[in-house]
1. Residues being among the charged types (D, E, K, R), surrounded by 24 or more Cβ atoms within 10 Å (Cβ to Cβ) and either touching an Asp or Glu at 6+ places or on another chain (Cβ under 9 Å) or under 30 Å from residue 11 (Cα atoms) (or both): count how many of those fall in region 27-75.
2. Going by what's in this entry, would residue 167 be described as among the β-branched types (Val, Ile, Thr) and outside any loop (DSSP other than H, G, I, E, B)?
3. Within region 90-107, which residues are part of a strand (DSSP E or B) and basic (Lys, Arg)?
4. Quickly run through region 294-331 and pick out the residues that are surrounded by fewer than 21 Cβ atoms within 10 Å (Cβ to Cβ) and touching a residue at least 24 places away in the same chain (Cβ under 8 Å).
5. Taking the options 136, 150, 154, name whichever one is surrounded by 18 or more Cβ atoms within 10 Å (Cβ to Cβ), closer than 26 Å to residue 171 by Cβ and among the hydroxyl-bearing types (Ser, Thr, Tyr).
6. Under the condition of being in contact with an Asp or Glu (Cβ under 9 Å, 6 or more places away or on another chain) and in a loop (DSSP other than H, G, I, E, B), which residue from region 111-127 is farthest from residue 83 (Cα to Cα)?
Amino acid sequence: MPQLALSRVHELLDRIRRTRVLVVGDVMLDQFIWGRVSRISPEAPVPIVEFERESFMPGGAANVARNLTALGGRAELFGIVGQDANASQLRQILRAQRVGCRGVVSLPGFLTATKTRIVAQKQQVTRLDRESPRESPPAVTARLLRHIESALDSADAVSIGDYGKGVVTQALVDGLRERSRERGRWLSFDPKPIHTLNLRGLSLLTPNRKEAFELAHLADTDRRSDPLADAPLRRVADRLLQELQPALLLITLGESGMLLCQRDREPFHVPTVAQEVFDVSGAGDTVIASFTLAIAAGASPMEAAIFSNHAAGVVVGKVGTATATPAELLASFANHA
């Protein structure tokens, strides 16, 4: 299995402390209600969860930003929240985790996107979503772009998190692509094919397998355990590379790891290093954050893929949206040396 020397990981982590990434997209708050189930309700065939505690974490693009600072990088977040208690809660958490929030715009009448998960005995029982899923008005998109433009000169990279909640519009993508290209800044994008966008010419796309097939408008058939021998997956990768022309395409494959694809090169498969998988929520956020940081710190694409694969392996071993720390990342590399 391809690997990075510990000395190289130390070097990248040291450089990451001097990197700054702008994160743009759908900002959310993740609420977790933790409890235990001991009986079924007499009112309906559903479990009764006895409340024990609750916790709050940044979600969506805010979780990408949180992953950046957890690894030692600097992050500035740009998105939209409401003028409600959940927005205040989210800002408080982000400040505590050293995420800059000056680019987070508060809109009257907008509901801060919040996902409430009820978890009993480490198993998710149900999820309640509160949101205002509508496309951002042009004036709000223009306002976000002005904030971002003023911060771009001192940034190393930009990461867009699209979760289908309306912040990521074609005007926003076009504006970020143009401004990043003018300044030679890396531009990563985690796509959601729930709506159609022109994603041509970005630095990095990080779809999971399902999203990759949807982006390519192809059916997922004849799946193979070896991604390099998976003809439909290879066909999807080739189509996306030709049609969208990203510098890099990183397809995440769950228990099969990830596949790094570049035009005119053979794909590079990185097997997963996860020992146990408790929760995959937020793993994609960890991948795009750690890959972008590694590239900004001077890693090659293959090194960045290996780096982000270890970060994701740490995160899926935790319950809830989580992050990887430098110490945990180093331990993962040491365990797989």
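The values are calculated or read from the model by the stated rules, or taken from the named source; none is laboratory data. No experiment lies behind these values; they were computed from the predicted model shown. Using ideal geometry, Cβ is built from the backbone for each residue, glycine included, and neighbour counts are taken over all protein chains shown.
1. Residues of region 27-75 among the charged types (D, E, K, R): 30, 36, 39, 43, 50, 52-54, 66, 74.
Retained after the next criterion (residues that are surrounded by 24 or more Cβ atoms within 10 Å (Cβ to Cβ)): 30, 66.
Keeping just the survivors that are either touching an Asp or Glu at 6+ places or on another chain (Cβ under 9 Å) or under 30 Å from residue 11 (Cα atoms) (or both) gives 66.
The total comes to 1.
2. Values: among the β-branched types (Val, Ile, Thr): yes; outside any loop (DSSP other than H, G, I, E, B): no.
For residue 167, the condition - among the β-branched types (Val, Ile, Thr) and outside any loop (DSSP other than H, G, I, E, B) - is not met.
3. Quick first cut of region 90-107, residues part of a strand (DSSP E or B) only: 99-107.
Passing the criteria: only 102.
4. So the first thing to find is which residues in region 294-331 are surrounded by fewer than 21 Cβ atoms within 10 Å (Cβ to Cβ), and the list is 298, 300-303, 317-320, 325-328, 330-331.
If the condition is that a residue be surrounded by fewer than 21 Cβ atoms within 10 Å (Cβ to Cβ) and touching a residue at least 24 places away in the same chain (Cβ under 8 Å), then 298, 301, 302, 303, 317, 318, 319, 320, 325, 326, 330 are the ones that fit.
5. Details: 150 fails: surrounded by 18 or more Cβ atoms within 10 Å (Cβ to Cβ); 154 fails: surrounded by 18 or more Cβ atoms within 10 Å (Cβ to Cβ).
It is 136.
6. 122
Yes/no per residue for (1) touching a Phe, Trp or Tyr at 6+ places or on another chain (Cβ under 7 Å); (2) closer than 30 Å to residue 318 by Cα; (3) outside any helix (DSSP H, G or I):
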residue: 109; (1), (2), (3): no, no, yes
residue: 129; (1), (2), (3): no, yes, yes
residue: 148; (1), (2), (3): yes, no, no
residue: 155; (1), (2), (3): no, no, yes
residue: 179; (1), (2), (3): no, no, no
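Each row is one residue, and each column tells you yes or no for (1) of a type outside the set (Gly, Ala, Ser); (2) touching a strand residue (DSSP E or B) at 6+ places or on another chain (Cβ under 6 Å); (3) touching a residue at least 24 places away in the same chain (Cβ under 8 Å); (4) on the phi > 0 side of the Ramachandran plot.
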{"site": "6", "(1), (2), (3), (4)": "yes, no, yes, no"}
{"site": "16", "(1), (2), (3), (4)": "yes, no, yes, no"}
{"site": "31", "(1), (2), (3), (4)": "yes, yes, yes, no"}
{"site": "34", "(1), (2), (3), (4)": "yes, yes, yes, no"}
{"site": "41", "(1), (2), (3), (4)": "no, yes, no, no"}
{"site": "49", "(1), (2), (3), (4)": "yes, yes, yes, no"}
{"site": "61", "(1), (2), (3), (4)": "no, yes, yes, no"}
